[in-house]
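The values are calculated or read from the model by the stated rules, or taken from the named source; none is laboratory data. None of these values were measured; they are calculated from a predicted model. All Cβ positions, even for glycine, are placed from backbone atoms using ideal geometry, and neighbour counts span all protein chains on display. Accessible surface areas use protein heavy atoms only, side chains included; no ligands, DNA or RNA. Shrake-Rupley method; radii C 1.70, N 1.55, O 1.52, S 1.80 Å.
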Amino acid sequence: MRLWLGLVLVAIVAGMAYVRLAPSDPARWHAMPESLAPGDLAGGAVRVVPGDLAALDAIIRATPRTQILAGDVAQGMITYVTRSRVFGFPDYTTVRQTGERLEIYGRLRFGKSDLGVNAARIDGWLQRLGQAGG
């Protein structure tokens, strides 16, 4: 019984370490779908709104546990990684400036449902963007 519990504990710790330490491949995650239909997805969300990438970038960079994976404002597309507080699950958000509008695609890496976390995060960013006049 103790051996079994020890093995389960080792498996849990190994899984948590993998979630936190697994590399994020920009070639895979710094991309947008070919067609964007705004709405909520099981594992993420898509928003298409008028706005300025530089203004939204400043808001996103101020978000705790968020880092840039690839891209920058000059390129017109940036992908961010935001990790959950406790377990460090990564969520990827790609933002692209297309003319006067922003296309935002947030999605999870692990699992099948994010329980609305990506949609809430994106909507919070957009609310702050609207308050800032961006």
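The set of residues in region 65-108 being surrounded by 16 or more Cβ atoms within 10 Å (Cβ to Cβ), of a type in the set (K, R) and within 20 Å of G39 (Cβ to Cβ) consists of R96, R107.
Condition first: in contact (Cβ under 8 Å) with a residue 60 or more places away in the chain and within 11 Å of the chain's Cα centre (by Cα). Can you find one or more residues in region 91-104 that meet it?
First, the residues of region 91-104 that are in contact (Cβ under 8 Å) with a residue 60 or more places away in the chain: 92, 94, 96, 103.
Narrowing the set further to residues that are within 11 Å of the chain's Cα centre (by Cα) leaves 92, 94.
For region 91-104, residues in contact (Cβ under 8 Å) with a residue 60 or more places away in the chain and within 11 Å of the chain's Cα centre (by Cα): present.
Residue-level analysis places A37 outside the set of residues that are among the hydrophobic types (A, V, I, L, M, F, W, C) and surrounded by 13 or more Cβ atoms within 10 Å (Cβ to Cβ). Within region 1-17, the set of residues being open to solvent by 100 Å² or more (accessible area, probe 1.4 Å) and either part of a helix (DSSP H, G or I) or within 27 Å of R83 (Cα to Cα) (or both) comprises R2, L3, W4, L7, L9. Pairing each residue of region 25-47 that is closer than 19 Å to W125 by Cα and outside any loop (DSSP other than H, G, I, E, B) with any residue that is at pLDDT below 95 and open to solvent by 40 Å² or more (accessible area, probe 1.4 Å), provided the two are 6+ apart or on different chains, yields C-beta distances under 7 Å for V46/L36; V46/A37; V46/P38; R47/P38.
Select from region 48-69 the residues that are of a type outside the set (A, V, I, L, M, F, W, C) and touching a residue at least 60 places away in the same chain (Cβ under 8 Å) and list them in ascending order. It would help to see each step written out before you state the result.
So in region 48-69, the residues of a type outside the set (A, V, I, L, M, F, W, C) come out as 50-52, 57, 61, 63-67.
Listed by number, the residues that qualify are G51, D52, T63.
Of the residues making up region 45-64, those that are crowded, with 16+ Cβ neighbours inside 10 Å and among the basic types (K, R) number 1.
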